[in-house]
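What follows is a set of notes on a single structure, which appears directly below.
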Amino acid sequence: MTRIQLNVNETIHDVEVEPRHSLVDTLREGCGLTGSHIGCEHGVCGACTVLVDDQPVRGCLMFAVQADGKDIRTVEGLDDDGAFNALQQAFHEHHALQCGFCTPGMLMLATWIVERGLPVDDNELREIMASNLCRCTGYRNILRAVRAVLDASGQDGAGA
Amino acid sequence: MKPASFEYVTAESWDAAAASLAEHGDDALILAGGQSLVPVMNFRLAQPAVLVDVNVIPDSAYLQIDGDSLRIGALTRHVRFEAPGIDGPLGRLLPRIAHHIAHLPIRMRGTFGGSLAHADPASEWCTLARTLDAVMIAQSVTGERRIAAADFFHSALATDLADDEVLREVELPALGPDWRCGFAEFNRRAGDFAIVQSVAAIELHEGQIVSARIGVGGATETPQRSGAAEKALLGGAPTSELFAEAAGAAADAIEDFLTDQQANADLRRDLVRVMVLRALEDAVSAG
Ligand SMILES: Cc1cc2nc3c(=O)[nH]c(=O)nc-3n(C[C@H](O)[C@H](O)[C@H](O)COP(=O)(O)OP(=O)(O)OC[C@H]3O[C@@H](n4cnc5c(N)ncnc54)[C@H](O)[C@@H]3O)c2cc1C
Ligand code: FES
Ligand code: FES
């Protein structure tokens with residue numbers, strides 16, 4: 001076992017891990033943060049997407065030891081003092097989830113797109129969000145929700 | 001599934017990585033982006049006793065023009081090729097290829113060297129390396145070795161790299177301004193590995209094709225250059241008719257097609273014809 005430090009949503013977690021433990025397993029079992037989900041465990045579905053040093057990462061394809069000392073962000077860190085943030089609110093309003101299994105991964109991927117601050121046209125948005133699978137919504141409402149937040153922050157893709 | 005237990009070490013330099021491999025023999029594997037190795041470990045198809053993480057090696061991710069070559073550091077992430085900052089036909093081709101690899105979060109982790117070392121039959125970078133006759137620079141504790149692409153790919157997921165060798169750098173020829181390059185691939189879902197893909201590079205002089213390199217990936221165990229297609233193109237003008245003839249020749253010349261649940265040999269042959277044609281058309285329109 002190795003002792004590592006993960007700075008998750010601005011809280012330091014000191015956890016003991018085996019090298020073979022994935023980052024997402026460690027977040028769920030070591031840190032008690034079960035918001036990030038595990039689907040396929042081979043990089044295909046994106047349910048496990050978290051931000052590592054502000055970059056979207058498949059949490060099932062990174063070992064926790066590789067994230068030692070890094071800043072991790074998960075769905076648990078998105079809210080504004082208990083209230084939905086803009087992206088969560090948009091998912092709610094646009095009915096961008098049904099069972100909710102893919103939602104934490106979708107939200108973290110979308111967080112990266114929004115925070116990047118660049119204009120994103122519909123094609124690019126579709127392509128990036130296609131990184132993650134959803135078995136329920138048919139994707140349209142997920143795209144509408146992210147689009148709404150991008151438009152509100154002036155990243156409407158004009159000139160992109 | 002979860003991977004089997006292993007010992008985790010980090011290497012601060014390629015020398016240290018090579019030393020680790022020498023120490024542990026065939027029980028150790030390099031961990032680069034982890035985007036192929038970790039799935040394989042999660043399926044327990046690989047159970048290395050030791051993983052040597054090379055992600056912290058400084059100055060190992062770069063694209064650098066050096067005379068007639070483009071030198072690519074093994075740890076250069078796929079995403080870097082989407083804006084390679086290189087002039088000329090190769091600079092225009094790299095982003096068009098990179099775009100087809102997996103999904104963006106995977107491209108942000110996965111590395112050029114990892115793709116070549118993994119040697120999936122439908123890896124875009126492997127097909128590019130074979131088409132342009134890249135040189136792989138391998139390093140072990142006993143020294144350095146240059147491996148030509150024609151010798152590098154042995155079969156699906158098997159390369160010429162020895163158990164104690166790391167892949168440190170890859171050299172591609174920096175194609176001059178008279179080259180036109182194109183790419184095409186077919187898959188059923190965005191982000192999947194291609195079933196068949198093709199890289200086409202032709203050099204034009206006064207409206208005539210004076211050199212041609214046609215590569216095909218996904219069709220056979222390893223990416224191949226199509227001598228038949230290249231021969232058909234040489235000396236001709238870049239017309240749709242000639243391209244169709246060359247694409248047909250590429251498809252007809254292949255005998256050892258891969259077959260799997262995605263495509264049988266007939267479908268792969270048809271796809272080779274169409275992908276080579278499209279890659280050639282892409283070369284003249286965007287190349
Ligand atoms: C959902 C999904 C879709 C994908 N789609 C595609 C696709 O369409 N096209 C494509 O090409 N790839 C695809 N990939 C694979 C991806 O491109 C990988 O990044 C790549 O194949 C391996 O690079 P890596 O850096 O992640 O290597 P790793 O996974 O870390 O390593 C792969 C293998 O190479 C060895 N290795 C790595 N680096 C070195 C080195 N420097 N020296 C010696 N040995 C080394 C490792 O020991 C291991 O055996 C996909 C992956 C996923 C999860
Ligand atoms: S659980 Fe990580 S990609 Fe599916
Ligand atoms: S809401 Fe059910 S998988 Fe996306």
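The values are calculated or read from the model by the stated rules, or taken from the named source; none is laboratory data. Values in this document were obtained by computation on a predicted structure and should not be read as measured data. Cβ: placed from backbone, ideal geometry, glycine included. Neighbour counts: every protein chain shown. Side chains are part of the model used for accessible areas, which takes the heavy atoms of the whole protein and leaves out ligands, DNA and RNA. Shrake-Rupley method; radii C 1.70, N 1.55, O 1.52, S 1.80 Å.
Averaged over the residues of peptide A:124-132, the number of Cβ atoms from other protein chains lying within 10 Å of each residue's Cβ is 3. Using C-alpha pairs under 8 Å with a sequence gap of at least 6, the mean separation divided by the residue count of segment B:23-112 gives a relative contact order of 28 percent.
So for the protein assembly as shown: antiparallel DSSP bridges make up what percent, rounded to the nearest 5?
Taking every DSSP beta bridge within the protein assembly as shown, about 85 percent pair in antiparallel fashion.
At the nearest 100 Å², what buried accessible area, both sides summed, do you get for A and B when the probe is 1.4 Å?
For A against B, buried area totals roughly 2200 Å².
For segment B:32-87 versus segment B:159-233, the inter-centroid distance based on Cα atoms is 19 Å. Compute the semi-axes of the equivalent ellipsoid of the protein assembly as shown, taking the square root of 5 times each eigenvalue of the Cα gyration tensor, and list them largest first in whole Å. Value: 38, 28, 19 Å, ordered largest first. Over chain B, what is the relative contact order in whole percent, taking alpha-carbon pairs under 8 Å and six or more residues apart? With pairs under 8 Å counted, the relative contact order is 16 percent.
Using R₀ = 35 Å, calculate the FRET efficiency as 1/(1 + (r/R₀)^6) where r is the Cβ-Cβ separation of residue B:187 and residue A:12; round to 0.05. Once the sixth-power term is evaluated, E becomes 0.25.
Only protein heavy atoms count here; on that basis, with a 1.4 Å probe, residue B:145 has an accessible area of about 90 Å². Here the Debye sum runs over all C-alpha atoms of segment A:86-152 as equal scatterers in vacuum, and log10 of I(q)/I(0) at q = 0.17, 0.23, 0.25 Å⁻¹ comes out as -0.49, -0.94, -1.14. Counting heavy atoms of the protein chains alone, residue A:102 has an accessible area of about 20 Å² for a 1.4 Å probe. Mean partner shielding of peptide A:65-74, defined as the number of other chain Cβ atoms within 10 Å of each residue Cβ, is 1. Loop only per DSSP, at most 13 neighbouring Cβ atoms within 10 Å: give me the chymotrypsin sites (Phe, Trp or Tyr not before Pro) in segment B:14-97, ordered by residue number. When the chymotrypsin sites (Phe, Trp or Tyr not before Pro) of segment B:14-97 are filtered for loop state and at most 13 Cβ neighbours within 10 Å, B:43, B:62 remain.
How big is the C-alpha Rg of chain B next to the rule-of-thumb value 2.2 N^0.38 Å, as a ratio?
Details: Rg = 18.9 Å, N = 287, 2.2 N^0.38 = 18.9 Å.
Relative to the rule-of-thumb radius for its length, chain B sits at 1.00.
Heavy-atom accessible area, probed at 1.4 angstrom with all protein chains present, ranks B:2, B:231 as B:231, B:2, highest first. Each of B:96, B:273 has its accessible area taken with a 1.4 Å probe; listed largest first, they run B:273, B:96. Per residue of A:39-46, other chain Cβ atoms within 10 Å of the residue Cβ number 5 on average. Compute the acute angle (0 to 90°) between the alpha-carbon long axis of helix B:240-253 and the principal axis of greatest extent of the alpha-carbon atoms of chain B; round to the nearest 10°. The angle comes out at about 50 degrees.
Convex hull volume of the C-alpha atoms in segment B:50-107, normalised per residue: 104 Å³.
The residues of the protein assembly as shown expose on average 42 square angstrom of accessible surface per residue, using a 1.4 Å probe on protein heavy atoms. Only protein atoms count toward the accessible area here, which uses a 1.4 Å probe; on segment A:2-77, the carbon and sulfur part of that area reaches 40 percent.
Taking θ as phi - 60° and the Karplus parameters 6.51, -1.76 and 1.60, the scalar couplings of segment A:101-115 work out to 5, 7, 4, x, x, 4, 5, 6, 5, 5, 4, 5, 4, 5, 6 Hz in sequence order, x denoting glycine and proline. For residue B:118, the solvent-accessible surface computed with a 1.4 Å probe is close to 50 Å², ligands and nucleic acids excluded.
At a threshold of 50 Å², the residues of segment B:22-45 that become less accessible to a 1.4 Å probe in the full protein assembly than in their chain on its own are B:38. Taking only protein heavy atoms and a 1.4 Å probe, the accessible area of segment B:1-100 is 50% carbon and sulfur. Relative to the longest principal axis of the Cα atoms of chain A, the long axis of helix A:140-152 lies at roughly 80 degrees. Using the Kirkwood radius built from alpha carbon pairs, what does the Stokes-Einstein equation give as D for segment B:179-286 at 10 °C and 1.306 mPa s, in µm² per second? D = 117 µm²/s. With each label modelled as a point 7 angstrom along the Cα→C-beta vector, the residue A:95-residue B:7 pair spans 5.8 nm. Within the P(r) computed for chain A, what percentage of the Cα pairs occupies the region above 18 Å? Tail fraction, whole percent: 57. If you sort B:104, B:267 by accessible surface, 1.4 Å probe, largest first, the order is B:267, B:104.
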